[in-house]
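Below: the structure, in structure tokens.
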Amino acid sequence: MQLSTDLTLVGSTFLTVFFAELGDKTQLATVALSGTSRSPLLVFLGSASALVLASLIGALAGGSLARLVPTDALQLAAAAGFLLIGARLVWGSEPPD
């Protein structure tokens, strides 16, 4: 019965994350990067690797980071990161040939 419970947990986690990520900033960033790249496969590999690493950190850290760092500081860091990525996409990309 343990295998059934484990598979149920894996399945419910997969579905939750899958549906949460549809149309999310990660997917939109991947679409934008892929559109400005000549190698969508490499964009996929980078994006998938980043999502796996972020998920691993989230699973291992749980809520402990939120207890150590104020929520406002975490949100500010995330916002600054997205602004930098957006600026690079808008002004730092090469024009298409």
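Readers should treat all values here as calculations from the given coordinates under stated rules, not as data from a laboratory. These numbers were taken from a predicted model, which means no experiment stands behind them. Note: ideal-geometry Cβ built from the backbone for every residue, glycine included; neighbour counts use all protein chains shown.
What helices (runs of 4 or more DSSP H) completely inside segment 16-97 contain at least 3 residues that are surrounded by 11 or more Cβ atoms within 10 Å (Cβ to Cβ) and among the polar types (S, T, N, Q)?
Output list reads 25-35.
Can you tell me which of Ser49, Ser34, Ser39 is within 26 Å of Trp91 (Cβ to Cβ) and in contact with a Pro (Cβ under 7 Å, 6 or more places away or on another chain)?
Step by step, each of Ser49, Ser34, Ser39 is checked, and only Ser34 is within 26 Å of Trp91 (Cβ to Cβ) and in contact with a Pro (Cβ under 7 Å, 6 or more places away or on another chain).
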